[in-house]
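Trainee: My questions all concern the structure below.
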Amino acid sequence: MIKLAIIEDNAEDYKHLNALVKRYSEASGVEIDEKHFENALNFLDAKEKFDIILLDIMMPGYNGMEMAQRLRKFDEDTEIIFVTTMGQYAIDGYSVNATGFLLKPASYERLKGVLDKTIRRVKGKTSAIITVKTYTELISIDVSTVEYIEVKGHYIVFHTQKGDIETKGTLKELTEKLEKYSFIRANNYAIVNARHIRAIRDNTVVLSSGALELSRRKKPEFIEAYLRYSGDLSDA
């Protein structure tokens, strides 16, 4: 089941989105548990976890962009789809890793395309545990917390959201093991967790906590793999 919140202060706009989501659920067979919030503060105060948020930008008090920025301080996983009358906010959406945008009044075809992509991302976030040996102990690492893994001398360093972990091994072996969890080779010494990519600029991959060099030779393959992960490129 997909947990989805619609944050919309306009009753008619909410009614329209709600009808589209119900239609999508019935047509796709995807079970969706939808909940409505009239403003950003109500949503934040509820402290509920959702897979996807349909978020109106123009709201009184906290607007949608401000709410998304606040949400990202403690939640990097929830997929955000902005709903707006102004396309100019699309650029700002990259700063909060928005999955997509819907222009009001949203059409069913447009909502279907955005939800298809977003739900693929949600289903691809299934977590896994990998156990590695450090100098003194065995440590279990939640793969979803790993931003990237790099070679440093004779060691492998896991850069996680909770800190760095140094171990022995080969990057080739880890690449093969973690490819199914959307880890992508960025250069000869590092693989990147696609879920933590915030932007790709020239020969740089911008991650949640910093940036990493993207090899020119590997760049086309890297971008293709990332587009496949994000749902913007099909396997056809």
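The values are calculated or read from the model by the stated rules, or taken from the named source; none is laboratory data. Values in this document were obtained by computation on a predicted structure and should not be read as measured data. All Cβ positions, glycine included, derive from the backbone under ideal geometry; neighbour counts span all protein chains shown.
Trainee: Please find, among K35, K3, K15, the residue that is at pLDDT below 95 and not aliphatic (A, V, I, L, M).
Mentor: Criteria check complete, one pass: K3.
Trainee: Follow-up question, since we're still on this one. With (1) surrounded by fewer than 17 Cβ atoms within 10 Å (Cβ to Cβ); (2) closer than 26 Å to S144 by Cβ; (3) not polar (S, T, N, Q) as the list, and I2 as the residue in question, which single condition is left unmet?
Mentor: With (1) surrounded by fewer than 17 Cβ atoms within 10 Å (Cβ to Cβ); (2) closer than 26 Å to S144 by Cβ; (3) not polar (S, T, N, Q) applied to I2, the lone miss is (1).
Trainee: Okay, next question. Does segment 170-215 hold any residues that are in a loop (DSSP other than H, G, I, E, B), over 18 Å from D77 (Cβ atoms) and either modelled with pLDDT under 90 or not small (G, A, S) (or both), and which are they? Let's see the steps before the verdict.
Mentor: Pass one, segment 170-215, residues in a loop (DSSP other than H, G, I, E, B): 170, 182, 188-189, 202-203, 208-210, 214-215.
From what's left, over 18 Å from D77 (Cβ atoms): 170, 188-189, 202-203, 210, 214-215.
Correct list: T170, N188, Y189, D202, N203, G210, L214.
Trainee: Right, something else. From the list N193, N187, which one is surrounded by 13 or more Cβ atoms within 10 Å (Cβ to Cβ), out of contact with any helix residue (DSSP H, G or I) (no Cβ under 8 Å at 6 or more places or on another chain) and touching a residue at least 24 places away in the same chain (Cβ under 8 Å)?
Mentor: That would be N187, the only listed residue that is surrounded by 13 or more Cβ atoms within 10 Å (Cβ to Cβ), out of contact with any helix residue (DSSP H, G or I) (no Cβ under 8 Å at 6 or more places or on another chain) and touching a residue at least 24 places away in the same chain (Cβ under 8 Å).
Trainee: Given the structure, is T167 at pLDDT below 90 and not assigned by TED's automatic domain parsing to the domain that holds I6?
Mentor: Here the answer is no, as T167 does not meet what is asked.
Trainee: I'd like the residue in segment 117-138 that is assigned to a helix (DSSP H, G or I) and farther than 23 Å from K15 by Cβ and, out of all such residues, is modelled with the highest pLDDT.
Mentor: This residue is K117.
Trainee: State the number of residues belonging to segment 45-82 that are of a type in the set (G, A, S) and either part of a loop (DSSP other than H, G, I, E, B) or touching a helix residue (DSSP H, G or I) at 6+ places or on another chain (Cβ under 6 Å) (or both). Before the answer, list the steps.
Mentor: Filtering segment 45-82 down to residues of a type in the set (G, A, S) leaves 46, 61, 64, 68.
Now drop any that are not either part of a loop (DSSP other than H, G, I, E, B) or touching a helix residue (DSSP H, G or I) at 6+ places or on another chain (Cβ under 6 Å) (or both), which leaves 61, 68.
So the answer is 2.
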